[in-house]
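Structure first, then comments.
Just so it is clear, none of the values below were taken in a lab; they were calculated from the coordinates. From a predicted model like this one, the values you see are computed outputs, not experimental measurements. Here the Cβ is made from the backbone with ideal geometry for all residues, glycine too, and neighbour counts use every protein chain on show.
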């Protein structure tokens, strides 16, 4: 009854099933691992943020470039404030407002973007307190450069003069005539009565949409394993039922059908053609 399993058609089906199941299991396990890595990164980033505020501040030059190990860590920089910009569309406690961003020129010539604080309402240069003059030493949490469309950063372009949508060297180099560090600092205490901007987790370390996409893909791959097994058993059951019906004479054999078709063809050839008047 199961001789059909040795036919070329079923050899192909069986080979596909044998290859598809471990492949789907591997892909599902890989996506699950990606989700678990993101969860671990999220927990590590949260723990790091909690401990970073209690650590002694370190010089900026020893913490660059910014990575997962240094983001959120305390750093200290000395220089003098220069250009000031506003960063609109930034929320704090569900209130719309803007950052006051001031470029700190260091002795090396490069400038470090420093977020001195947050103010509510529409961005207005008249509301932003002027930065301190002379040489200053700032201490705050080191942050990675922003990119449009992530962590609440607006993807708009064409901001008014004196404003920027993202805090990054690529954006600021078009607005100021000197080099800028590809990082920024948020002060631990807001300057001149402004509210301090809290430390944000590095990109790719939160339980965001991408993390749950990995979890969804995991479910899809394992569901496909079940679908492949289900379809294999369904095809097997159908073939067994057809074979059983053929043994009981409920279904004509293929050979009988072919003989009948061949006999009918022979009768047509032996039958004389009608003559035409």
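At 7 Å along Cα-to-Cβ for each site, give me the label-to-label distance between residue 10 and residue 192 in nm.
Taking the two extended label points, one gets 8.4 nm.
Pull out the extension gain between residue 213 and residue 234, defined as 0.36 nm times the separation in residues minus the alpha carbon to alpha carbon distance; nm, one decimal.
Residue separation times 0.36 nm, minus the Cα-Cα distance, leaves 4.5 nm.
Order 112-124, 233-245, 166-178 from most to least packed using the mean count of other Cβ atoms within 10 Å.
On the way: 112-124: 20.0, 233-245: 12.6, 166-178: 16.1.
The densest-packed peptide leads the list: 112-124, 166-178, 233-245.
To the nearest 0.05, what FRET efficiency results for residue 139 and residue 161 with a Förster distance of 30 Å applied to their C-beta separation?
0.50
For labels at residue 29 and residue 176 in the simple 7 Å Cα→Cβ model, what's the distance in nm?
5.0
Restricting to bridges with both residues inside the stretch 72-200, how much of the DSSP beta-bridge set is antiparallel, in percent to the nearest 5? Before the final figure, lay out each step's value.
Working: 32 of 36 bridges.
That works out to approximately 90 percent antiparallel.
What is the spin-label model distance, in nm, from residue 93 to residue 107 if the labels are put 7 Å beyond Cα along the C-beta direction?
With each label placed 7 Å out from Cα toward Cβ, I get 4.0 nm.
For the stretch 72-200, rounded, prolate or oblate, judged on the Cα gyration tensor with a ≥ b ≥ c (square roots of eigenvalues), a/c < 1.5 rounded, else prolate if a/b > b/c? If you can, show how the numbers build up before the last one.
Working: a/c = 1.36, a/b = 1.20, b/c = 1.13.
Rounded, since a/c falls under 1.5.
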